[in-house]
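Contents: one structure, followed by commentary.
The values are calculated or read from the model by the stated rules, or taken from the named source; none is laboratory data. Just so you know, these numbers come straight off a predicted model, no measurement behind them. Virtual Cβ from ideal backbone geometry, glycine too; neighbours counted across all protein chains shown. Each accessible area value is taken on the protein alone, full model and side chains, heavy atoms only, with ligands, DNA and RNA left out. Shrake-Rupley method; radii C 1.70, N 1.55, O 1.52, S 1.80 Å.
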Amino acid sequence: HQLPPNSIIVAHDLSPADAAQIKREDVLGIVTDVGGRTSHTAIMARSLKIPAVTGMEKISRMVQTGDTIVVDGSTGIVILNPDPEMIFRYRQRHDVFRNYQQSLMAFGRLPAVTRDGNRSVRITANIELVDEMDIALNHGCEGIGLFRTEYLFLGRSDLPSEQEQYEAYRRVLEYNRPKPVTIRTLDVGGDKIATSLNLPQETNPAMGLRAIRLCLSYREIFQTQLRAILRAACHGNCRLMIPMISCMSEILTTKSIINHVKAELTAEGIEFCNDYKIGILVEVPSAAAIADLLAREVDFFSIGTNDLIQYALAIDRVNEHVNYLYDTLHPAVLRLIKHVVNAGQARGIDVSMCGEMAGDPVNIPILIALGINELSMNALSIPIVKKLIRSITLEECLELTDQAFRMQEADEIHAFLESWITERFPKDYFLNNS
Ligand code: PEP
Ligand code: MG
């Protein structure tokens, strides 16, 4: 569709593939009936820096084309046909927010080291599209912690060829070189539907043929992607990441497929790189539980909290009716994360986090205290997260974490951390804008 300039999209649902087609210049905001904060449509909107509110239940039936709407993506407030005073107020709020963001940009260029110098964290960016690299670098990323390669497969009727994929991966690797780029293998299924694959509809897609499961049953597609990644790996610092691992055999089978692909490339005399790291997304509770076993097979873990929370708390991340239960600071989530970090550390492997949790300032003290090596997030969050890390001490983080781990309820932990951060950073505006 050709959208008129300054449009606000109001829809019952908007797929991640549709969201990826949006031109930032044309769209001022997005509002949908369905979805949640960590649905891929919301994540995509955040990457494009478009204010979005999802899960409004009936909004698409209330709005007419031509209406004026205020979309406050920071608080989730949507105002239909506001009066002039309200418009004035929100224009002001918009300017304050923009100036605040601008004032933070300088922090993006600094390293994320605690004030006492006792902890440092690598801050990387999540990207969906190759073109997002500029924004990511501009906000101060130190590499790419999650490249969601499935977007190469969405919104089209054919599959991307090995060469097309190779060129995309090579561009990202070369652009970031020598900084690391974590390329995640295809994660379609769930709310990301690749129409070209013509997959049957599932009753529970989030728990169905998704990610590595799909790749293991469609070997051709998987091998084509692996060939493209291994070839592109010659052009930068490549980390290969496998999504949705839920048991040992999946990683073992994946590694044997990689060996098969390498043998094939060697036989064909095609150049590829052997000097890459292989890791898994820890995002299924069963993988978190056996993290000690999985750690023996991989070079790194990246905790995917978007899915880990969805599966651990049994809350569909795209279901607006249960989204109120989706809580990053649920004691169960914190314990799972701690368990995974400890298992990684015991084996001496790198532990990152790339779910949306990593970019929310309120979680930072706990993540620092636990000793996570890398936080990968949407570009917009990088400057504020760096600022925050640079202002706190490890001791402070340990103390807060110790207290938080003794609490019983997510609400209690949330209130505790929120009041700490508001007191500690009273002048900062970001709390209303995460
Ligand atoms: C996650 O699950 O936390 C993650 C980073 O991957 P995605 O959001 O693409 O499922
Ligand atoms: Mg995931």
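So, in region 23-54, of the ones that are more than 17 Å from the chain's Cα centre (by Cα) and open to solvent by less than 20 Å² (accessible area, probe 1.4 Å), which residue ends up nearest to residue 101 (Cα to Cα)? Looking at residues that are more than 17 Å from the chain's Cα centre (by Cα) and open to solvent by less than 20 Å² (accessible area, probe 1.4 Å), I get 29.
Among the residues of region 124-167, those that are open to solvent by less than 30 Å² (accessible area, probe 1.4 Å), free of Cβ contacts under 8 Å to residues at least 60 places away in the same chain, part of a helix (DSSP H, G or I) and more than 16 Å from ligand 1 (Cβ to nearest atom) comprise 130, 133.
Residue 423 meets all of the listed conditions (1) open to solvent by 60 Å² or more (accessible area, probe 1.4 Å); (2) at pLDDT 95 or above; (3) of a type outside the set (Ser, Thr, Tyr) but one, namely (2).
Being among the hydroxyl-bearing types (Ser, Thr, Tyr), within 16 Å of ligand 2 (Cβ to nearest atom) and touching a residue at least 24 places away in the same chain (Cβ under 8 Å) holds for only one residue in 195, 185, 253, and it is 185. Applying a threshold of 9 Å to beta carbon distances and a minimum spacing of six or more residues, or different chains, the list of pairs starting in region 220-249 at a residue that is more than 16 Å from ligand 1 (Cβ to nearest atom) and ending at one that is open to solvent by 30 Å² or more (accessible area, probe 1.4 Å) and small (Gly, Ala, Ser) reads 224/161; 228/161; 247/286.
Conditions tested, residue by residue: (1) part of a strand (DSSP E or B); (2) free of Cβ contacts under 8 Å to residues at least 12 places away in the same chain; (3) within 16 Å of ligand 2 (Cβ to nearest atom); (4) open to solvent by less than 50 Å² (accessible area, probe 1.4 Å).
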{"position": "71", "(1), (2), (3), (4)": "yes, no, no, yes"}
{"position": "78", "(1), (2), (3), (4)": "yes, no, no, yes"}
{"position": "92", "(1), (2), (3), (4)": "no, yes, no, no"}
{"position": "98", "(1), (2), (3), (4)": "no, yes, no, no"}
{"position": "102", "(1), (2), (3), (4)": "no, yes, no, no"}
{"position": "118", "(1), (2), (3), (4)": "no, no, no, no"}
{"position": "122", "(1), (2), (3), (4)": "yes, no, no, no"}
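In the set (1) modelled with pLDDT under 95; (2) open to solvent by less than 20 Å² (accessible area, probe 1.4 Å), residue 232 fails one condition alone, (1). The C-beta contact set for region 295-312 (first residue within 9 Å of ligand 2 (Cβ to nearest atom), second residue part of a helix (DSSP H, G or I), distance under 6 angstrom, 6+ apart or interchain) comprises 305/357; 306/356. Is at least one residue of region 343-357 assigned to a helix (DSSP H, G or I), touching a residue at least 40 places away in the same chain (Cβ under 8 Å), within 16 Å of ligand 2 (Cβ to nearest atom) and under 18 Å from the mean Cα position of the chain (by Cα)? Within region 343-357, one or more residues are assigned to a helix (DSSP H, G or I), touching a residue at least 40 places away in the same chain (Cβ under 8 Å), within 16 Å of ligand 2 (Cβ to nearest atom) and under 18 Å from the mean Cα position of the chain (by Cα).
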